[in-house]
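Data first, discussion second: the structure below is written as structure tokens.
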Amino acid sequence: MITGPGSPSVLSNMVVSIEQHVAWVSACLEHMRAQHLDVVEPTPTAEAGWVQHVNDAADITLYPRADSWYMGANVPGKPRVFLPYVGGVDRYRKLCDEVVRRDYLGFAFDGPGGARCQDGVVARLQVDVAAVLDFIAESGTPPFETLSVAGARALSTDLAALRPPGPAVGDVHDGELPGAAGPLRHRRYRPATPGPHPIVVYFHGGGWVLGGADSDDAFCRDLCVRSNAVVVSVDYRHAPEARFPAAVDDGFAAVRWIAANADALGGRPGELAVCGWSAGGNVAAVVCQMARDAGGPRIAGQVLVTPVDGLRLHTRVLRGQRRGPRPHHRAHAVVLGPLRRSGRASRSQSVAAAGPGSLGPTPRPGRHLRVRPAARRGHRLRRGARGGRRRRPAPPLPRPDPHVAAVGGRDPVGERGAGGDRGGVARVLRPLYPSGINSSEAA
């Protein structure tokens, strides 16, 4: 019968799984008979995408680390590969049904009725992300874009309170620092190890509307512990009360103040990186460009987690999201629409894509960095000599746009951490985003 690699297989009630396979194949054969088709096969794109999805699902479990027959440990010399799909029978069945609904997505047909192919990747969302989205959809939580600003902020605060706490750090201090138009709240996290430490300035996400210095507390704590760096989470003025460029002006003012007061914060002067999530990733990238153009302060690296790097609402990823469980494109339009209509969002100072140029001159003469989407495993952030022969990247597997991009000629974060361990930004974020992290240190 039909079951095996790439399906729930041995992790499920195999009789039930086989029945589902037989029913799906039978329906496919009936479809082919009705359409006068006699050949069907998966496309290379669909095959590569499904293998990637199966691997991503397994990577968030302990299965690949186990010394068991699941990994082929019972056969000496056999390559260790985990083949079953751990996403569950219910999700697997939903994906199989979605393939049919989308005109047999990922399959090519041929026969007297003619050739036809609906190419594409069956599952772009990782299993844990899909589970969260399903939970949100089933909870009845209203979409943010349907709420007033006050309502959206209240819901954001309530949801943040449900998150598990982050790890303990050496010291947490709330305070204020001077922004571009008044004081800004900040929260400083210091490691338990003796200082001074490198400093990471963190900008929260929330579509430039939601969040604050304490809204990503668990993430900042984890970042502090894993990197052995001082993390300063900085608030910035939010829309619609303060329109562009208020957020980036505040971000730049905060970075300048933190750089000038590194000693008082427990940091090492000159070893400063920026980090941001979503809209905060945009603020971090633009702050780097502003620092470059102003001649300082020197920023040694930037870590951008799912950053907003453009104002386009019709990208491949957003088009794919419209087929998902929630109409995310509406939220994007609500967030980005006022910024686009303001007429003040210049390409170089609002939502410009991050890159090595935003850090200013690289510290190594004759060297430069070429940035590629970090979430595509075949792409790497490469070092190369100017004028030298370009190396072609490996063909990427189909994946979404970057999850995490770490850019820098020298990674100061964690460079002289506990025990002299190196790895910095890449080491901090790789456990959180195992398939979506790259940096100059990881190249």
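The values are calculated or read from the model by the stated rules, or taken from the named source; none is laboratory data. Just so you know, these numbers come straight off a predicted model, no measurement behind them. Please note: Cβ atoms are built from the backbone with ideal geometry, for glycine as well, and neighbour counts cover all protein chains shown.
General observations
- Verdict on Arg163 being within 26 Å of the chain's Cα centre (by Cα), more than 20 Å from Ile258 (Cβ to Cβ) and of a type in the set (D, E, K, R): yes
- Qualifying residue in segment 256-264 (condition: assigned by TED's automatic domain parsing to the domain that holds Asp171, out of contact with any helix residue (DSSP H, G or I) (no Cβ under 8 Å at 6 or more places or on another chain), without any contact (Cβ under 8 Å) to a residue 24 or more places away in the chain and aliphatic (A, V, I, L, M)): yes
- Screening Tyr236 against (1) more than 21 Å from the chain's Cα centre (by Cα); (2) surrounded by fewer than 23 Cβ atoms within 10 Å (Cβ to Cβ) leaves a single unmet condition, (2).
- The listed residue being surrounded by fewer than 16 Cβ atoms within 10 Å (Cβ to Cβ) and in contact with a strand residue (DSSP E or B) (Cβ under 9 Å, 6 or more places away or on another chain), out of Glu41, Glu30: Glu41
- Residue match in segment 134-153 (condition: closer than 30 Å to Pro42 by Cβ and surrounded by 14 or more Cβ atoms within 10 Å (Cβ to Cβ)): yes
- So Val225, is it more than 26 Å from Val308 (Cβ to Cβ), aliphatic (A, V, I, L, M), modelled with pLDDT under 95 and out of contact with any strand residue (DSSP E or B) (no Cβ under 8 Å at 6 or more places or on another chain): yes
- Residues in segment 192-229 that are farther than 20 Å from Ala279 by Cβ, in a loop (DSSP other than H, G, I, E, B) and in contact with a helix residue (DSSP H, G or I) (Cβ under 9 Å, 6 or more places away or on another chain): 4 in all.
- Residues being among the aliphatic types (A, V, I, L, M), assigned to a helix (DSSP H, G or I) and at pLDDT below 90 - total across segment 153-191: 4
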